[in-house]
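Below you'll find the structure, written out as C-alpha cells, and then a few comments.
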Amino acid sequence: MKKTGIVISSLAGALILCAAFVIPANHPSTDPPKGITDSVWTIVQKSCYDCHANDGNAMAKSKLNFDNWENYSSDKQTAKAQDMCDEISKGKMPPSKYRKNNPEAVPTEADATVICNWAKTLEK
Ligand code: HEC
C-alpha cells in the first residue's frame, strides 16, 4: 500500500517535471501579437523569431522583440515595421551568417513584399 503511494507520487512528480520541460518548448504560443497579421507572423517566425524574442539574441531583442511587441506604442510599432521592411528588402536581416546556416529561413521577395505592404497599413 505504502509502496504504491510512493510509486504513484513519484510518477506524478516525474510527469509534472516532464510537462515543465515540454510545455514551454522554446516558444509556447504561435499566436501573433496584436497588430501583426497571420501572414507577417508566419514570416517572422520563420526568419526573425530565433533572435528577436525574449529568449533570443540580447542585441537583437534590445532593438526589436516580438514578445514585447504589444507593449510598443503604436508609433513605435509603425517605425519598427518600416525598419523590418527596410532590413529585409536590403537583405540585411536575417544576418548573413544566419542565412548561410539556415537557408530555409531566408525571406523570399514575396515575403519582403508582405512585410512592406503590412508596414504601409500601419502608417497613418
Ligand atoms: C541571427 C539572429 C537574427 C535574426 C534571425 C534576425 N535578426 Fe534582426 N537583428 C539581429 C541583431 C544582432 C540586431 C542588432 C544589431 C544590428 O542592428 O545589426 C538586429 C537588428 C534588427 C533591427 C534593428 C536595426 C536597427 O539598426 O535598428 C531590425 C529592424 C531587425 N533586426 C529586423 C529583423 C527581421 C525583420 C528579421 C527577420 C526577417 C530579423 N531581424 C532576423 C539579429 C537577428
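The values are calculated or read from the model by the stated rules, or taken from the named source; none is laboratory data. These figures come from a predicted structure and were not determined experimentally. Neighbour counts run over all protein chains shown; Cβ positions are idealised from the backbone, glycine included. Each accessible area value is taken on the protein alone, full model and side chains, heavy atoms only, with ligands, DNA and RNA left out. Shrake-Rupley method; radii C 1.70, N 1.55, O 1.52, S 1.80 Å.
Residues of segment 34-49 being in contact (Cβ under 8 Å) with a residue 24 or more places away in the chain and more than 9 Å from the ligand (Cβ to nearest atom), which ones?
Within segment 34-49, K34, G35, I36, T37, S39, V40 qualify.
For segment 42-57, which residues satisfy the criterion of being part of a helix (DSSP H, G or I) and among the aliphatic types (A, V, I, L, M)? I'd like the intermediate steps shown before the answer.
Keep residues of segment 42-57 that are part of a helix (DSSP H, G or I), which gives 42-47.
Result: I43, V44.
I need a count of the residues in segment 81-105 that are surrounded by 12 or more Cβ atoms within 10 Å (Cβ to Cβ) and either acidic (D, E) or touching a strand residue (DSSP E or B) at 6+ places or on another chain (Cβ under 9 Å) (or both).
Keep residues of segment 81-105 that are surrounded by 12 or more Cβ atoms within 10 Å (Cβ to Cβ), which gives 81-89, 91, 93-95, 98-99, 102, 105.
Remaining after also requiring either acidic (D, E) or touching a strand residue (DSSP E or B) at 6+ places or on another chain (Cβ under 9 Å) (or both): 83, 86-87.
Residues that pass the stated criteria total 3.
Among the residues of segment 50-68, count how many are more than 6 Å from the ligand (Cβ to nearest atom) and either of a type in the set (K, R) or out of contact with any Phe, Trp or Tyr (no Cβ under 7 Å at 6 or more places or on another chain) (or both).
9
Taking segment 109-124, which residues are open to solvent by 70 Å² or more (accessible area, probe 1.4 Å) and out of contact with any helix residue (DSSP H, G or I) (no Cβ under 7 Å at 6 or more places or on another chain)?
If we filter segment 109-124 for residues that are open to solvent by 70 Å² or more (accessible area, probe 1.4 Å), which is where we start, we get 109, 113, 117, 120-121, 123-124.
Once the filter is applied, which keeps residues that are open to solvent by 70 Å² or more (accessible area, probe 1.4 Å) and out of contact with any helix residue (DSSP H, G or I) (no Cβ under 7 Å at 6 or more places or on another chain), segment 109-124 yields E109, T113, N117, K120, T121, K124.
So which residues in segment 50-80 are free of Cβ contacts under 8 Å to residues at least 12 places away in the same chain and open to solvent by less than 60 Å² (accessible area, probe 1.4 Å), if there are any at all?
Listed by number, the residues that qualify are G56, A60, Y72, A79.
Can you confirm whether segment 20-27 contains a residue that is closer than 28 Å to T121 by Cα and modelled with pLDDT under 95?
Pass one, segment 20-27, residues closer than 28 Å to T121 by Cα: 27.
Subsequent filtering for residues that are modelled with pLDDT under 95 retains 27.
Yes, because at least one residue in segment 20-27 is closer than 28 Å to T121 by Cα and modelled with pLDDT under 95.
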